[in-house]
Amino acid sequence: MLKRVIINQKKVPVPVPIMTLGEAVRWVEATLVPQGHTITRVTLNERVVSGEEFEAATSLTVDSKLEIQIDSPVELTVQTLEALRNLSSVIFSGLKALAVECWQAKPAVRPAELPSVTNDLSLILDLVEHIVSLVEPMAIDVSPLQGIALMLKRVSVSLAMASSSSDWKACARLLLNRLEPLLKDLMAESESIQMRVIAHTGFALTGESRR
């Protein structure tokens, strides 16, 4: 039977009989999650547990170490904006080298890092979509971010077409002339939105929020 749960790195005693993981998560949701907040991570004995496992009859004992992270929409927004900016920065830093590789590549040899850029662009678009859903209730204008995302989607499609025809020089031009400035705009706009979210909500941006 579970005796304690760690909520946001703080130990909380469990005063009711809880025998399984599903019971524990439901109890935390009902009694410890503030309105508007969300459970974002569940770890059992140092292993991250997926949502599908919550309903499984996983037995808990006195020695079970159950850790649950609870975040507010503002915290989730800040974290997602930081993830977006970090990913954009990583892609941006390698674009010039990749463009050179594409320009020099032979038609039959695909530049090694090109598929990863395409995959990363897809992830960026997913992050933007998630950010928009989080920010809209705060009445913060995200239309510039959506505009950048739309142009990034077009670049992604153009890259896929050029890559499918092994037109590596076209890929190089797309990377430098279209993708690079868009990523620069994306990083600037994500930082601007983060500052507006913080100002709008009075959220204190601490080291813990950057975990």
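Between I140 and R4, the contour length at 0.36 nm per residue exceeds the alpha carbon distance by 45.0 nm.
Listed by chain and number, the lysines whose alpha-carbon sits under 19 Å from that of K169, ignoring those within fewer than 8 places in the same chain, are K96, K106. For V49, the residues whose modelled amide H falls within less than 5 Å of its own, excluding neighbours fewer than 5 places apart on the same chain, are V42, T43, L44.
Between L123 and V62, the modelled label-to-label distance comes to 4.4 nm, taking each label 7 Å out from Cα in the direction of the beta carbon.
Taking the centroid of alpha carbons for each part, region 22-98 and region 147-176 are 33 Å apart. Scanning residues 5 or more positions from I18 or on other chains, those with amide H under 5 Å from its amide H are L2, with H placed 1.01 Å from N in the peptide plane. One decimal place: the segment A199-W27 gains 58.6 nm when fully extended, by the rule 0.36 nm per residue minus the C-alpha distance.
Rounded to the nearest 20, the Cβ-based charge dipole of region 74-210 about its Cα centre (Lys and Arg +1, Asp and Glu -1) stands at 640 debye. A straight chain from S164 to Q69 at 0.36 nm per residue would run longer than the Cα-Cα distance by 29.9 nm. When only Cα pairs below 8 angstrom with a gap of at least 6 residues are kept, region 74-210 shows a relative contact order of 42 percent.
A helix-only calculation puts the chain at -18500 deg cm²/dmol for mean residue ellipticity at 222 nm, using -39500 (n - 2.57) for each DSSP H run of at least four residues, averaged over all residues.
Here, each number is a calculation from the coordinates, and none is a lab measurement. This one's a predicted model, so the numbers in the text were calculated from it and none came from an experiment. Cβ atoms come from the backbone with ideal geometry, glycine included; neighbour counts cover every protein chain shown.
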